[in-house]
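The values are calculated or read from the model by the stated rules, or taken from the named source; none is laboratory data. Computed from a prediction, not measured in an experiment: that's the story for all the values here. Positions of Cβ are backbone-derived with ideal geometry, glycine not excepted, and every protein chain shown enters the neighbour counts. Heavy atoms of the whole protein, side chains included, go into the accessibility calculation; ligands, DNA and RNA do not. Shrake-Rupley method; radii C 1.70, N 1.55, O 1.52, S 1.80 Å.
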Amino acid sequence: MKSCPAAPLDPAVSPTETELRIKGIKEKLDQLIPPRPFTNVSSTTSATHSKATLLSPRDTYCRGDQLDVLLEVRDHLGRRKEYGGDFLRARMSSPTLKAGASGKVTDFNNGTYLVSFTLFWEGRVSLSVLLILPSEGVSALWRARNQGYDRVIFTGQFANGTSHVNTDCALVLNSSAELCEYLDSRDQEAFYCVKPPHIPCAALTHMHSKNKAVSYLSKQERSLFERSNVGIEMMKKFGAITVSKCNTEKTAPMKKKCKFGMASTIPSGHVWKDTWNPVSCSLAPIEMKECLRGKFIHLMGDSTIRQWIEYFKSSIKTLKSVDLHESGKFQKQFAVDLDKNIKIQWQKHSYPLVVSLAYSVKEIEYIARVIDRTGGGKSTIIVISLGQHFRPFPINVFLRRALSIHDAVQRLLLRSPDTVVIIKAENIREMHTDVERFSDFHGYIQYLAIKDIFQDLNVSIIDAWDITIAYGTNNVHPPQSVVRNQINILLNFIC
């Protein structure tokens, strides 16, 4: 009989190198998010009582200028806050021009913030700073996230002749029953199911999940995450500003074409006329079919990267889907254009996959293992996207997965250094949906972690986080125009 550990790290066993790396990253994140206990909601950050001041206001704003706003945060009784840590989102936009960009927020950790906007385009521009979560809510979410694995429960389906049997499954199962352990011993990735009587563990065929009515937040903490308290505007008193062209003689220097490996900035670009324009380079219009000639594109991860293969299939009419005889929304997808020798594949990442519909796990495998059996080479493009399904679980689960993928990419680049590997960062998502499990704060922490983990490798990051803020989508599956612009970055990287 196998019993499951109460947590992935048993202090009695000497920690592996991976465990030490996880511990190191987690400690850095803990310093970023100190505990902020509060006795009354009135002492938490209030968007209404906080004060935004335009620094060096002008009669005329010119395209290319930087506009700075000083934010002094106060609580609900109007008292100055003496610490930072609020989760803020700054954005400028001109809806009629289909234009938008994120602002850069600098936290001075004393209750004041500097919000900087680069005025990328001419016209009427609206400025916004949203208090997504007060620092007290951020701290409560971080503590709660790392406390338990059971906000989502999984149900495994085992084949038993012509019928099937369902049992409970999880990343961590506190059960005295006999368990099936699905373990990747090298990367110490594990998933468990209660073993059905007289049925072998290998008979597991399908999985689905549902939310469990459990919370690690106090009633008072939960009140911070009510719809009326999430994503509150802090710049209500500010009207739109007008940005002019101003000095016509000063022409902007020509930017180089975007290439694989270029460093990103904050903000990394802006949207104008529904098109993404990076700060540090320019995106050329690229003929997709010609660019992909002779290439094998491996898309690995969640449904936000599955959107890419769906976009490719709708854009390249000669791309034909190959039936791999799987079923359901999370089946592996494979499409080919025999004439141009284009191959595109999408496959899901392994557990956890938070999906209410049953999906097949007969062929489920960890991304690190898929990368290990990929030969690579200059015609091989790998794009990885993971994060959304990890948000409801302790950060260690995400860190372990990101590190095992990092190590697999490192091995791949040793044997085939001309392979192109790209990380697509997470999209922002719906602001008010199930904050404890899926808040963008969880996604933001993962976004910081993945950039940190992969910084030592020759990979490029497509900053979908910044792009989706600029577009203001607030949708885990952004519209086609956003997907198109994300893919255009990929095409510029590889052609």
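The residues of the stretch 411-425 that are open to solvent by 10 Å² or more (accessible area, probe 1.4 Å) and in contact (Cβ under 8 Å) with a residue 24 or more places away in the chain, listed by number, are R411, L413, R415, S416, P417, D418, V420. Looking only at residues of the stretch 1-26 that are within 27 Å of the chain's Cα centre (by Cα) and open to solvent by 90 Å² or more (accessible area, probe 1.4 Å), we find that the one that is modelled with the lowest pLDDT is E17. Under the condition of being open to solvent by 10 Å² or more (accessible area, probe 1.4 Å), part of a helix (DSSP H, G or I) and either in contact (Cβ under 8 Å) with a residue 60 or more places away in the chain or in contact with a His (Cβ under 8 Å, 6 or more places away or on another chain) (or both), the residues counted in the stretch 355-380 number 1.
Looking only at the stretch 444-471, residues that are touching a strand residue (DSSP E or B) at 6+ places or on another chain (Cβ under 8 Å), surrounded by fewer than 19 Cβ atoms within 10 Å (Cβ to Cβ), touching a residue at least 40 places away in the same chain (Cβ under 8 Å) and not aliphatic (A, V, I, L, M) come to 2 in all. Pairs are defined by a Cβ separation below 7 Å, a sequence spacing of at least 6 or placement on different chains, a first member in the stretch 319-335 that is over 17 Å from I305 (Cα atoms), and a second member that is of a type in the set (K, R); the pairs so defined are L319/K313; L324/K332; E326/K332. Here is the figure for the stretch 102-158: residues that are touching a residue at least 60 places away in the same chain (Cβ under 8 Å) and hydroxyl-bearing (S, T, Y) total 7.
The single residue among V409, V383, V397 that is outside any helix (DSSP H, G or I) and at pLDDT 95 or above turns out to be V383. Could you please let me know if K343 is under 22 Å from V476 (Cβ atoms), open to solvent by less than 80 Å² (accessible area, probe 1.4 Å) and among the basic types (K, R)? Considered against the rule, which asks whether it is under 22 Å from V476 (Cβ atoms), open to solvent by less than 80 Å² (accessible area, probe 1.4 Å) and among the basic types (K, R), K343 comes out as no. For the stretch 136-152, a residue qualifies if it is in a loop (DSSP other than H, G, I, E, B) and crowded, with 22+ Cβ neighbours inside 10 Å, and exactly one does: R151. If I filter the stretch 161-168 for residues that are open to solvent by 80 Å² or more (accessible area, probe 1.4 Å), charged (D, E, K, R) and modelled with pLDDT of 95 or more, do I get at least one hit? Yes; the residues of the stretch 161-168 include at least one that is open to solvent by 80 Å² or more (accessible area, probe 1.4 Å), charged (D, E, K, R) and modelled with pLDDT of 95 or more.
Does M234 fit the bill of being out of contact with any Lys or Arg (no Cβ under 7 Å at 6 or more places or on another chain), closer than 30 Å to K104 by Cβ and open to solvent by 40 Å² or more (accessible area, probe 1.4 Å)?
Working: out of contact with any Lys or Arg (no Cβ under 7 Å at 6 or more places or on another chain): yes; closer than 30 Å to K104 by Cβ: yes; open to solvent by 40 Å² or more (accessible area, probe 1.4 Å): no.
Criteria not met by M234.
Among the residues of the stretch 321-344, those that are assigned to a strand (DSSP E or B) and either modelled with pLDDT of 95 or more or within 27 Å of the chain's Cα centre (by Cα) (or both) comprise Q333, F334, A335, V336, D337, I342, K343, I344.
Does the stretch 426-442 hold any residues that are among the polar types (S, T, N, Q) and either under 20 Å from H349 (Cβ atoms) or surrounded by fewer than 23 Cβ atoms within 10 Å (Cβ to Cβ) (or both), and which are they? Explain how you work it out, then say what you get.
Going residue by residue through the stretch 426-442, those that are among the polar types (S, T, N, Q) are 427, 433, 439.
If the condition is that a residue be among the polar types (S, T, N, Q) and either under 20 Å from H349 (Cβ atoms) or surrounded by fewer than 23 Cβ atoms within 10 Å (Cβ to Cβ) (or both), then N427, T433 are the ones that fit.
Residues being touching a strand residue (DSSP E or B) at 6+ places or on another chain (Cβ under 9 Å) and in a helix (DSSP H, G or I): count how many of those fall in the stretch 222-249. Spell out how you get there, then give the answer.
Within the stretch 222-249, the first condition is being touching a strand residue (DSSP E or B) at 6+ places or on another chain (Cβ under 9 Å), and the residues that meet it are 224-225, 229-247.
When the remaining residues are screened for being in a helix (DSSP H, G or I), the result is 229.
Final tally of qualifying residues: 1.
Checking the structure you have, find out if any residue of the stretch 389-410 is on the phi > 0 side of the Ramachandran plot, surrounded by 20 or more Cβ atoms within 10 Å (Cβ to Cβ) and of a type in the set (G, A, S). Scanning the stretch 389-410 turns up no residue that is on the phi > 0 side of the Ramachandran plot, surrounded by 20 or more Cβ atoms within 10 Å (Cβ to Cβ) and of a type in the set (G, A, S).
Taken together, the residues in the stretch 297-319 that are open to solvent by 50 Å² or more (accessible area, probe 1.4 Å) and touching a strand residue (DSSP E or B) at 6+ places or on another chain (Cβ under 6 Å) amount to 2.
The residue that is farthest from S102 (Cα to Cα), counting only those in the stretch 29-67 that are open to solvent by 100 Å² or more (accessible area, probe 1.4 Å), among the charged types (D, E, K, R) and without any contact (Cβ under 8 Å) to a residue 24 or more places away in the chain, is D59. Step by step: first the residues of the stretch 209-221, then only those that are touching a residue at least 60 places away in the same chain (Cβ under 8 Å) and either part of a helix (DSSP H, G or I) or touching a Ser or Thr at 6+ places or on another chain (Cβ under 7 Å) (or both), then the one that is least open to solvent (accessible area, probe 1.4 Å). Which residue is that? Among those that are touching a residue at least 60 places away in the same chain (Cβ under 8 Å) and either part of a helix (DSSP H, G or I) or touching a Ser or Thr at 6+ places or on another chain (Cβ under 7 Å) (or both), it is S209.
Look at L204 and say whether it is within 28 Å of V370 (Cα to Cα), buried (at least 21 other Cβ atoms within 10 Å of the Cβ), touching a Phe, Trp or Tyr at 6+ places or on another chain (Cβ under 6 Å) and modelled with pLDDT of 95 or more.
Details: within 28 Å of V370 (Cα to Cα): yes; buried (at least 21 other Cβ atoms within 10 Å of the Cβ): yes; touching a Phe, Trp or Tyr at 6+ places or on another chain (Cβ under 6 Å): yes; modelled with pLDDT of 95 or more: yes.
Yes, satisfied.
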